[in-house]
Structure formats: C-alpha cells, structure tokens
C-alpha cells in the first residue's frame, strides 16, 4: 500500500514530482483554513512529512498526525522540528547535511570580503553615479586572523578556504578537535580577542542563544568584524547594533537575523553592514541536492532501510 505523505513547507523543485511518483501526496495549503480542512480529512492517514528547517514541524501539526513515522527536512537546522516531541513518539527524523557545506562556506568567505572591501557600498555608489564619493578605503583580509565559532563541517570548509588567504585560523567550541592544527580557545571571549574576523557557524538553540554578547563584541574590538552564517539568535542583536553604531567593532556581515524576516531599521542604515536573507546555501545545485536527500530519506524509510542522514 502506498504511504500517505504530507508536504508541509517550501520544497526544492525536484521534490514534489518525485514524491508524487512513489507516494500518495498531500501538499499542505498555505492558508490556515484550507490547511486545517486538509488535516481534518487526511491527518490520521499521514505516515511521512516533508518539510524544511525554517517551517519545521509545529507541535500543533504533530499532534494531528497520530500515524506519523518519519520526517524528512530540507536543511540542517533542527530548531523548528520539535525533535524531543518527535523522538518521544518514535518518529524518525532526517535532515540534509553535507550537501550545503561548500556553498555555505563559500558564502562565509564572500561575506567577509564584501564587508571588508565595501563591495556593496561601492556597487551602490556606482549605480547612483557617486563613484568614489564618500566611499573611503576598505580593509585587508589576506594575512588577518580568522576566529571560527563552531568548527564542524562548514567551519572546516571555511578554514580550508581561509588558508588560501594566508589567514591565521583559530576556533572555539565545547571541546577541541584533535585532528586539526588550528589554535583552540577554551572560551569565546578569548577567541574574539584573538580575531580580526569572527565567523559564527554554530547551530541554534538554548545552548548558543546570545553567546555573542557585549563582552564578546568588546573583545573583538574596533578593528574587528563579525560574520554570522549560523543562527541569528546566537548574537545579542541590540548589543551588536550598539557596538556598530558606537564604533566598538568595525563592521558586520549577516546572513541570519534574530527575528527573520524582520530586519532592525538601524542595520538597514549602516554602511558597515552587509545583509543577506538567510541565503548562504542558496545555489541551484545545493537546493537540488537537498531536495534529492529529502526524497531519498523518505523512500529509504518506506523501503524498510535506514535513513541516509538521520538526526
């Protein structure tokens, strides 16, 4: 018997056509009234869910799917997946790691270059006919000190790229990696004080919320730049805005924000800030590979095989 699958969130373009070939597919409407009506009709039959890291699996929805066996999420974040509740019910959960590592690492380096060399401000100048007016000079990346908060898959990929810029690389996380030669700092404060660029690549959640606070920003100092390709909540955003406005740090490049898609007005007015719409993994290749993993994880489960990328 073909399993009923619920698509509950935005999916890469290659997901729905493939799922439709192998399963009895239900795509959750975006308006609440229609979505509620669909769940009332099919909720008890749903055995699998395809979702994404942003929209996740709300508890309200989870409670309406008593037969749910597996969740396949496009993305690596688990904040919105309610893992504890899912696992308490014996629901298998898969994400899509690895396939976005290189694209996010590329984006981290691109953001570092964009903010340091004032690329976005310079581009705006050219389009507005101002040329060099008010632009000033950028600052160098090559040979500088890069501190990485979170030396996981993406952190290592960033470090590998930074080596090509002759950067001095250090990192902080809960425990050191024994198989790398980069300097380990046992505190974020120490890492910030030893960095010209501090790049955040840790996952979200209570353990990392607000880690980059006023003390850390002050340790980074007036010649330091913050790059965040991890989670917005890791940074105390009001403190970051104050540090930028007061010149206590030099600049920031942010792919993520604390209350997405809301952007504080103060950040929008700052020329020493580069902003992106949580877009670090946003390549055609990455999205296609993420989508394929969603499909492959669901097919593996219903073929009686282990998930390819379980949480």
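We did not get these values from a lab; they are worked out from the coordinates using the rules stated. Bear in mind the structure is a predicted one, so any value in this text is a computation, not a measurement. Here the Cβ is made from the backbone with ideal geometry for all residues, glycine too, and neighbour counts use every protein chain on show.
Here are a few things to note about the model shown:
- Share of pairwise Cα-Cα distances greater than 13 Å in region 107-151 is 61 percent (whole percent).
- By other beta-carbon atoms within 10 Å, ranking 302, 23, 197 with the fewest at the front produces 302, 23, 197.
- Extent of region 42-109 along its three principal axes (Cα atoms, max minus min coordinate, largest first): 46, 18, 16 Å.
- Taking all pairs of distinct alpha-carbon atoms in region 174-245, Kirkwood radius in angstrom: 12.7 Å
- Residue exposure proxy: 211, 38, 290, ordered by other Cβ atoms within 10 angstrom of their Cβ from fewest to most, comes out as 38, 211, 290.
- Counting neighbouring beta carbons within 10 Å and listing from fewest to most, the residues 182, 171, 139 come out as 139, 182, 171.
- Computed over region 101-275, the convex hull of the alpha-carbon atoms projects to a mean area of 9.8 nm².
- C-alpha long axis of helix 101-116 to longest principal axis of the chain, angle in °: 30 degrees
- Under the Debye formula (equal points on every Cα, no solvent term), log10 I(q)/I(0) of region 1-121 at q = 0.11, 0.15 Å⁻¹: -0.45, -0.71
- Normalised convex hull volume, region 118-220, alpha-carbon set, Å³ per residue: 138 Å³
- Where only DSSP H runs of four or more residues are counted, the chain gives -10000 deg cm²/dmol as its mean residue ellipticity at 222 nm, each run worth -39500 (n - 2.57).
- For a label point 7 Å along the Cα-to-beta-carbon line of residue 268, residues of region 115-144 with backbone N under 18 Å: 121, 124
- Taking label positions 7 Å along the Cα-Cβ direction at both residue 63 and residue 34, the computed distance is 2.5 nm, reported to one decimal.
- Relative to the compact-globule estimate of 2.2 N^0.38 Å, the Cα radius of gyration of region 123-183 comes out at 1.61.
- The eigenvalues of the Cα gyration tensor, multiplied by 5 and square-rooted, give region 265-311 an equivalent ellipsoid with semi-axes of 38, 11, 7 Å from largest to smallest.
- Estimated Rh, the chain: Kirkwood, alpha-carbon pairs, angstrom: 21.0 Å
- Cα-projected label distance for residue 130 with residue 260, points at 7 Å along beta-carbon direction, nm: 2.8 nm
- Build a GNM of the chain with springs between Cα atoms under 10 Å apart, and of 114, 157, 13 the one that fluctuates most is 13.
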